[in-house]
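Notes follow the structure.
The values are calculated or read from the model by the stated rules, or taken from the named source; none is laboratory data. Note that the structure is a prediction, hence the values are computed from the model and not measured. With ideal geometry, Cβ positions are generated from the backbone for all residues, glycine too; neighbour counts draw on all protein chains shown. Side chains included, ligands, DNA and RNA excluded: accessible areas come from the protein's heavy atoms. Shrake-Rupley method; radii C 1.70, N 1.55, O 1.52, S 1.80 Å.
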Amino acid sequence: MAKTSTTTQGLRAAIERSGYYPALVAEAVEAAVGGEPVRSYLVHQETTFDQNEVRRHVTVLVLTDNRFIVSHTDEQAADDTSPSPYATTSTESVKIGRISSIVVSRVVADPEKYKPGTLPREIVLTIGWGAVSRIDLEPAACGDPNCEADHGYTGSSTADDLSLRVSEAGDGPETVRQALAFAQALSEATADSAR
């Protein structure tokens, strides 16, 4: 899907609907996208509770013909470095060919009654491109219950650059649909880049 005024307006409107510093978020995203056509996007705003404070966070994912762009904006309370509340915004641009994994976990109610096309209750979208990896280690063992030898460690390494949970109850059905559409567009783009 090539960039059209409708796509651009849709991305801008989604950022504004999030209600989370839309001018700041839009400027950061638009600077990262540059003049590239936007193929797909997802805007996800979430609120978290940190002790006695409410914190908001917005993540914007954008797919262009060549790149996957991630933007995060967080608000911070006043602290020793700033007498007033402030926000931090970061963007990361990843070449499509660098994306190594896309995991879409779907949660559906009453799976025995599931009909194709039914919207999941929630999804978790996990995307890996090698910037962040998690290593889980545990002591290795052999089959002998009386063995006291040191067998070293065993474990696994997992790409875990971005994990985003979207639910129908918390975010609404349209955001779940948009997350699924974005995941499909990203999967198709990575398949195309592998050819």
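What number goes with the only condition from (1) at pLDDT below 80; (2) open to solvent by 60 Å² or more (accessible area, probe 1.4 Å); (3) among the small types (Gly, Ala, Ser); (4) not in a strand (DSSP E or B) that Ala141 does not pass?
Evaluating Ala141 over (1) at pLDDT below 80; (2) open to solvent by 60 Å² or more (accessible area, probe 1.4 Å); (3) among the small types (Gly, Ala, Ser); (4) not in a strand (DSSP E or B) leaves (1) as the failure.
For residues that are in a loop (DSSP other than H, G, I, E, B), at pLDDT 95 or above and either under 14 Å from Asp192 (Cα atoms) or not β-branched (Val, Ile, Thr) (or both), tally how many sit in the stretch 100-109. If you could, list the steps in order and put the result at the bottom.
Let us first name the residues in the stretch 100-109 that are in a loop (DSSP other than H, G, I, E, B), namely 100, 108-109.
Then keep just the ones that are at pLDDT 95 or above; that gives 108.
From what's left, either under 14 Å from Asp192 (Cα atoms) or not β-branched (Val, Ile, Thr) (or both): none.
So the count comes out to 0.
For the stretch 173-191, how many residues are over 17 Å from Ala14 (Cβ atoms) and either outside any helix (DSSP H, G or I) or open to solvent by 80 Å² or more (accessible area, probe 1.4 Å) (or both)?
Residues meeting the conditions: 2.
Looking at the stretch 26-73, which of its residues are hydroxyl-bearing (Ser, Thr, Tyr) and in contact with a Ser or Thr (Cβ under 6 Å, 6 or more places away or on another chain)? Walk me through it before giving the result.
Initial filter on the stretch 26-73 (hydroxyl-bearing (Ser, Thr, Tyr)): 40-41, 47-48, 59, 64, 71, 73.
Selection gives Ser71, Thr73.
I'm checking my understanding of the structure. Among residues of the stretch 67-97 that are among the charged types (D, E, K, R) and surrounded by 15 or more Cβ atoms within 10 Å (Cβ to Cβ), which one is farthest from Ala31 (Cα to Cα)?
Step one: list which residues in the stretch 67-97 are among the charged types (D, E, K, R), which gives 67, 74-75, 79-80, 92, 95.
Right, trim to surrounded by 15 or more Cβ atoms within 10 Å (Cβ to Cβ) and you get 67, 74-75, 92.
Values: Arg67: 13, Asp74: 18, Glu75: 20, Glu92: 11 Å.
Within the stretch 67-97, the match that is farthest from Ala31 (Cα to Cα) is Glu75.
Can you tell me which residues in the stretch 31-41 are at pLDDT 90 or above and exposed (fewer than 15 other Cβ atoms within 10 Å of the Cβ)?
Within the stretch 31-41, Ala31, Gly34 qualify.
Is it the case that the stretch 42-51 has a residue that's open to solvent by 30 Å² or more (accessible area, probe 1.4 Å) and either under 17 Å from Leu125 (Cβ atoms) or of a type in the set (Lys, Arg) (or both)?
Going through the stretch 42-51, the residues open to solvent by 30 Å² or more (accessible area, probe 1.4 Å) turn out to be 45-51.
Restricting the remaining residues to those that are either under 17 Å from Leu125 (Cβ atoms) or of a type in the set (Lys, Arg) (or both) gives 45-46.
Scanning the stretch 42-51, I find at least one residue that is open to solvent by 30 Å² or more (accessible area, probe 1.4 Å) and either under 17 Å from Leu125 (Cβ atoms) or of a type in the set (Lys, Arg) (or both), so the answer is yes.
Name the residue that is modelled with the lowest pLDDT, counting only residues in the stretch 1-16 that are under 16 Å from Phe182 (Cβ atoms) and either assigned to a loop (DSSP other than H, G, I, E, B) or open to solvent by 70 Å² or more (accessible area, probe 1.4 Å) (or both).
Met1
Which residue is modelled with the lowest pLDDT, if the candidates are limited to the stretch 45-85 and must be out of contact with any Pro (no Cβ under 9 Å at 6 or more places or on another chain), in a loop (DSSP other than H, G, I, E, B) and on the phi < 0 side of the Ramachandran plot?
Residue satisfying both the conditions and the ranking: Asn52.
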